[in-house]
1. Among the residues of the stretch 87-95, are any assigned by TED's automatic domain parsing to the domain that holds D149, surrounded by fewer than 16 Cβ atoms within 10 Å (Cβ to Cβ) and outside any strand (DSSP E or B)?
2. Determine, yes or no, whether L200 is surrounded by 13 or more Cβ atoms within 10 Å (Cβ to Cβ), at pLDDT below 95 and within 16 Å of the ligand (Cβ to nearest atom).
3. Could you check the stretch 127-182 and list, in sequence order, the residues that are over 21 Å from Y222 (Cβ atoms) and acidic (D, E)?
4. Run S73 past the list (1) out of contact with any helix residue (DSSP H, G or I) (no Cβ under 6 Å at 6 or more places or on another chain); (2) more than 14 Å from the ligand (Cβ to nearest atom) and report the number of the one that doesn't hold.
5. Filtering the stretch 40-68 down to residues that are over 24 Å from the mean Cα position of the chain (by Cα) and not in a helix (DSSP H, G or I), which residue is modelled with the lowest pLDDT?
6. Quick check on this structure: which one of L54, L40, L67 is exposed (fewer than 14 other Cβ atoms within 10 Å of the Cβ), over 30 Å from L129 (Cβ atoms) and without any contact (Cβ under 8 Å) to a residue 40 or more places away in the chain?
7. When residues of the stretch 204-263 are filtered for being out of contact with any strand residue (DSSP E or B) (no Cβ under 9 Å at 6 or more places or on another chain) and of a type in the set (S, T, N, Q), how many remain?
8. Considering P85, P95, which residue is in contact with a strand residue (DSSP E or B) (Cβ under 9 Å, 6 or more places away or on another chain), within 13 Å of the ligand (Cβ to nearest atom) and closer than 30 Å to V186 by Cβ?
Amino acid sequence: MSVSAGVEAATALRSIKKAHPSLSRLDVRILLLHCLNISLEQFIAEPALSLDALQADQLNNLIARRLKGEPISQLIGQKEFWGLPFKVTSDVLTPRPDSETLIELALEIFADKPPAHILDLGTGSGCLLAALLNEFLEATGVAVDISADALALAEANFEALDIGERIKTHCTDFAAFNSGTFDLVVSNPPYIAEHDRYDLSADVRDFEPAAALFAGDGYDAYRKLAKQVPSLLNPGGVVILEVGQGQAGRVLTMFEQSFREKGVNATSLVKPDLAGIERAIALKRP
Ligand SMILES: C[S@@+](CC[C@H](N)C(=O)[O-])C[C@H]1O[C@@H](n2cnc3c(N)ncnc32)[C@H](O)[C@@H]1O
């Protein structure tokens, strides 16, 4: 089934939903509004608005791709994080609401004295660093990613959000990054075990970049970070990491041990996400 030029938007929504019951009404509406380039408010005010030939073609194409599992964020090329718009492609992980837990934790920890210099290891779309610089207005940042394509997109996002001048980017393995020291280091590294690949939904497994998802037994990236991060922190500095469900305890132990090997007794904190899952951990250097 495909929609034709001249069809009214409300009719197109109904007929697509009827022809493809597996698609959610919300997904169809997001794609329809994207092709019409209108807001939900405009759609409600003018349901009789019709699609021209180009818009109908574009919508048919996007519906066909959605039916194959492509994520909505990649189809419309955008996702909101911490109230900010981010360009999204298949080169980066789509920013997740769960990751906003890291920003909340940073705001709690730095409530009295904001961090001046922030490092984001595995920046992807740049969402964590951009959200932090949007909160800590005097801070500067460094964004690191092993993927040149991801970093190029992060740079485009930083420019679009008008924070490009406050950020330096480095395309490198975070295991090799040792340029400077920071008040806050954040990272949402890949943390899914290879053997859990087929437990993931197809739209994640088949469309999001493997380098953003998988990490050996699930802890490979944390091992690299645990080695590297203690020497990247200023005295009083804090590292905040995203962890997968059930990983918080083991990752904390890994980092505490690594700090101890450098003669530092770090204090730690864990913060759950909105579903009650331990999602963000923090370790503070005295
Ligand atoms: C889970 S994604 C997180 C992206 C973004 N920070 C977010 O929270 O949405 C992990 C990112 O780390 C990058 N990455 C994976 N391994 C890396 C490594 N060894 N060194 C640097 N970056 C790495 C990936 O390319 C990917 O962009």
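1. Yes - at least one qualifying residue is present in the stretch 87-95.
2. Criteria met by L200.
3. Result: E135, E138, D149, E155, E159, D162, E165.
4. Among (1) out of contact with any helix residue (DSSP H, G or I) (no Cβ under 6 Å at 6 or more places or on another chain); (2) more than 14 Å from the ligand (Cβ to nearest atom), the lone unmet condition for S73 is (2).
5. Ranking the qualifying residues of the stretch 40-68, first place goes to P47.
6. L54
7. 4
8. Just one listed residue meets the conditions, P95.
The values are calculated or read from the model by the stated rules, or taken from the named source; none is laboratory data. All of these numbers come straight from a predicted model, not from anything done at the bench. Note: ideal-geometry Cβ built from the backbone for every residue, glycine included; neighbour counts use all protein chains shown.
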